[in-house]
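**Student:** One structure is given below, represented as structure tokens, and several questions about it will come after.
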């Protein structure tokens, strides 16, 4: 029963995560629905195994990031740089949404409560999943997001700096997993997401200016 519940509620979360990642860059989630569902199941199986091993539990979100990047590269055909960029954007957005929900719950859905009462964890997953999917659906229908060609960026100083910052954001994301503080997590998620969205806006404006 534990395995079934984990897979079910993790799937709800995963649908929101994937749909947010796609919607941020005006990609149609349903166009990749079948392979997305397959990857979600794989991600959740890996996550279940890692969370069962106490010493590996904190690495589950990192594994999710890696698998999502591989999915973007293999299925959506994005270059590695943009696959990491899009995946990290979606995860940070999702993470920020979830930490905000935790904080607004006034300890009702705190990490301590979730670890003590499994049903509260499932409730948080469902709430985050439904809100995340609703937001992504609204964004896509209203044309909210960024649209540009996912071509391999030329090696320039600005690109190098951006890559370094993105790697630092990914490392900060990993560090948050060991801190276990939702307030610190939300700040790091917000700062990281703000940089990525600023870079995406800059890229969109540049492409529009050059007629790409």
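The values are calculated or read from the model by the stated rules, or taken from the named source; none is laboratory data. Since this is a predicted model, take the numbers as computed values, not measurements. So basically every Cβ, Gly included, is an ideal-geometry build from the backbone, and we count neighbours across all protein chains shown.
**Student:** Just checking, how many residues over region 106-121 are within 18 Å of residue 96 (Cα to Cα) and either under 23 Å from the mean Cα position of the chain (by Cα) or buried (at least 17 other Cβ atoms within 10 Å of the Cβ) (or both)?
**Tutor:** Initial filter on region 106-121 (within 18 Å of residue 96 (Cα to Cα)): 106-111, 114, 121.
When the remaining residues are screened for being either under 23 Å from the mean Cα position of the chain (by Cα) or buried (at least 17 other Cβ atoms within 10 Å of the Cβ) (or both), the result is 109-111, 114, 121.
The number of residues fulfilling the criteria is 5.
**Student:** Does region 132-166 hold any residues that are at pLDDT below 70 and assigned to a loop (DSSP other than H, G, I, E, B), and which are they?
**Tutor:** Hits for region 132-166 are 153, 154, 155, 156.
**Student:** Looking at 63, 83, can you tell me which residue is more than 24 Å from residue 203 (Cα to Cα) and touching a helix residue (DSSP H, G or I) at 6+ places or on another chain (Cβ under 9 Å)?
**Tutor:** Numbers: 83 fails: more than 24 Å from residue 203 (Cα to Cα).
Step by step, each of 63, 83 is checked, and only 63 is more than 24 Å from residue 203 (Cα to Cα) and touching a helix residue (DSSP H, G or I) at 6+ places or on another chain (Cβ under 9 Å).
**Student:** Here is a further query. I need a count of the residues in region 35-48 that are closer than 14 Å to residue 74 by Cα and free of Cβ contacts under 8 Å to residues at least 40 places away in the same chain.
**Tutor:** In the first step, residues of region 35-48 are kept if they are closer than 14 Å to residue 74 by Cα; the result is 35-36, 38-39.
Narrowing further to those that are free of Cβ contacts under 8 Å to residues at least 40 places away in the same chain: 36, 38-39.
Adding up the residues that qualify gives 3.
**Student:** Can you report the number of residues in region 73-92 which are within 17 Å of residue 40 (Cβ to Cβ), buried (at least 16 other Cβ atoms within 10 Å of the Cβ) and touching a residue at least 24 places away in the same chain (Cβ under 8 Å)?
**Tutor:** Here is the first cut: in region 73-92, the ones within 17 Å of residue 40 (Cβ to Cβ) are 73-76, 83, 86-87, 90-91.
Cutting the leftovers down to buried (at least 16 other Cβ atoms within 10 Å of the Cβ) gives us 73, 76, 83, 86-87, 90-91.
Remaining after also requiring touching a residue at least 24 places away in the same chain (Cβ under 8 Å): 76, 86-87, 90-91.
Residues in region 73-92 being within 17 Å of residue 40 (Cβ to Cβ), buried (at least 16 other Cβ atoms within 10 Å of the Cβ) and touching a residue at least 24 places away in the same chain (Cβ under 8 Å): 5 in total.
**Student:** Which of the numbered conditions does residue 144 fail, given that it passes all the others? Conditions: (1) exposed (fewer than 15 other Cβ atoms within 10 Å of the Cβ); (2) within 27 Å of residue 206 (Cβ to Cβ); (3) more than 18 Å from the chain's Cα centre (by Cα).
**Tutor:** Of (1) exposed (fewer than 15 other Cβ atoms within 10 Å of the Cβ); (2) within 27 Å of residue 206 (Cβ to Cβ); (3) more than 18 Å from the chain's Cα centre (by Cα), only one is false for residue 144: (3).
**Student:** How many residues does region 1-36 contain that are under 21 Å from residue 93 (Cβ atoms) and surrounded by 14 or more Cβ atoms within 10 Å (Cβ to Cβ)?
**Tutor:** Residues flagged as under 21 Å from residue 93 (Cβ atoms) and surrounded by 14 or more Cβ atoms within 10 Å (Cβ to Cβ) within region 1-36 amount to 22.
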